[in-house]
Amino acid sequence: MALSPPKIFVEDRQVPLDATSDPPALFDGTTRLYISYTCPFAQRVWITRNLKGLQDEIKLVPIDLPNRPAWLKEKVNPANKVPALEHNGKITGESLDLIKYVDSNFDGPSLYPEDSAKREFGEELLKYVDETFVKTVFGSFKGDPVKETAFDHVENALKKFDDGPFFLGELSLVDIAYIPFIERFQVFLDEVFKYEIIIGRPNLAAWIEQMNKMVAYTQTKTDSEYVVNYFKRFM
């Protein structure tokens, strides 16, 4: 069953907290999602929150990572990174775990299909995204040819089910896991290598077009100039 469109909820971006900022009132019963506006891993959880219509229930706490406050490590996440979710008196981290946690532990439309074949393929894709896809594309920045096989794998995965434009036919956590990185790779590879990832990949092109119609996602996008300058550090 297709997801109902989430309510339109326009949020102003708060100024990120930095080394001079006091911590929020931790463990006071408020559910908080610690993010960076430019972090693709945090963006996954941010999108999940938005798609489930949890903007009132999960408070965003943006962090200035280059000048992060000491209390992020001391009081929130010993790993000293985002995303981190403060919920029910505990902190949970790691983006792929968190998108599943938010989907399972909060109200809102389910973001994972019940069909066993789709769930099995979804787990394969979630394992592939960080272990292979992201690492492969990042590796291509160092002067090696663009690793077309990574994007071909995505194109072929988008052909698996024909009941919708998404990886599992219907919008799911898999799409959320991939879009922050594909968003950035598309911008960077086109700008720096003149390589357009959608050429010859109609399913990927249709998927990106569909994702860009969703305000719950587009509100989380990162400035293209920032992406290009940041990714150049990996060349």
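The values are calculated or read from the model by the stated rules, or taken from the named source; none is laboratory data. In this text the structure is predicted, and so the values were computed from the model without any measurement. All Cβ positions, even for glycine, are placed from backbone atoms using ideal geometry, and neighbour counts span all protein chains on display.
Quick notes on this one:
- Residue match in the range 67-74 (condition: surrounded by 21 or more Cβ atoms within 10 Å (Cβ to Cβ) and in contact with a strand residue (DSSP E or B) (Cβ under 8 Å, 6 or more places away or on another chain)): yes
- Yes/no for L54 being over 14 Å from the mean Cα position of the chain (by Cα), aliphatic (A, V, I, L, M), assigned to a loop (DSSP other than H, G, I, E, B) and under 24 Å from G169 (Cα atoms): yes
- Qualifying residue in the range 137-151 (condition: acidic (D, E) and outside any loop (DSSP other than H, G, I, E, B)): yes
- Matching option when the condition is β-branched (V, I, T), outside the structural domain of L60 (by TED's automatic domain parsing) and either closer than 30 Å to D28 by Cα or assigned to a strand (DSSP E or B) (or both), among I99, I182, I91, I176: I176
- Set E123, E114, E131: member being part of a loop (DSSP other than H, G, I, E, B) and loosely packed, with under 14 Cβ neighbours inside 10 Å: E114
- Against the test of being hydrophobic (A, V, I, L, M, F, W, C), within 21 Å of D130 (Cβ to Cβ), assigned by TED's automatic domain parsing to the domain that holds I35 and touching a helix residue (DSSP H, G or I) at 6+ places or on another chain (Cβ under 8 Å), the options L85, L60 yield a single qualifying residue, L85.
- Boolean, R49 is assigned to a strand (DSSP E or B) and touching a strand residue (DSSP E or B) at 6+ places or on another chain (Cβ under 6 Å): no
- Close pairs from the range 199-227: first of a type in the set (D, E, K, R), partner assigned to a helix (DSSP H, G or I), Cβ under 8 Å, at least 6 apart: R201/F151; R201/D152; R201/V154; R201/E155; K221/E183
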